[in-house]
1. Does VAL99 meet the test of being of a type outside the set (D, E, K, R), out of contact with any Asp or Glu (no Cβ under 8 Å at 6 or more places or on another chain) and buried (at least 19 other Cβ atoms within 10 Å of the Cβ)?
2. For the stretch 67-108, which residues satisfy the criterion of being assigned to a loop (DSSP other than H, G, I, E, B) and of a type in the set (S, T, N, Q)?
3. Can you name the number of the only condition in (1) among the small types (Gly, Ala, Ser); (2) in a strand (DSSP E or B); (3) at pLDDT below 95 that SER22 fails?
4. Would it be correct to say that GLU62 is part of a strand (DSSP E or B) and of a type in the set (D, E, K, R)?
Amino acid sequence: MNIAQPASLPGLSTAALREHASIGTQVVLDLYECATEHLNDIEWVERTMLNAARAAHATIVESVFHKFAPWGISGTVIIAESHLAIHIWPEHRYAAVDVFTCGGTVQLDTAVRYLIKAFGSTAPVQRSMPRGERIGGDPNG
């Protein structure tokens with residue numbers, strides 16, 4: 001499965017991002033053309049997000065999900081290392097996901113692969129970036 005990355009970050013893996021002095025890494029994931037029939041099923045979406053956090057070895061604190069009328073879901077899984085968030089537009093077969101972690105214990109790549117597979121996205125786009133570089137890096141640099 002090919003995951004498109006924008007030209008500004010060609011080939012920059014999550015592991016490479018962690019090598020930079022920063023306090024965390026954020027992955028923004030656009031899941032286009034989702035094949036799952038559960039895009040408007042709040043229990044399935046919450047369970048899937050919790051399972052992605054578990055697969056990545058994150059420490060789950062709590063989760064909050066909301067279903068909109070007539071359709072759409074937004075939710076967040078708070079983890080000790082930061083969060084996983086999702087916003088879904090079932091009518092477009094699209095889910096916008098944000099995974100942000102501090103420290104190096106959470107396996108971001110595992111969470112991303114899990115979510116792409118679970119949602120059945122045939123056209124995922126992933127953007128990764130270090131966060132807090134001025135905090136985690138050389139204060140003189």
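1. In short, yes.
2. If the condition is that a residue be assigned to a loop (DSSP other than H, G, I, E, B) and of a type in the set (S, T, N, Q), then THR105, GLN107 are the ones that fit.
3. (2)
4. Yes; evaluated as a whole, the condition is true for this residue.
The values are calculated or read from the model by the stated rules, or taken from the named source; none is laboratory data. None of the values given here were measured: they were computed from a predicted structure. Here Cβ is always computed from backbone atoms with ideal geometry, including for glycine, and neighbour counts include all displayed protein chains.
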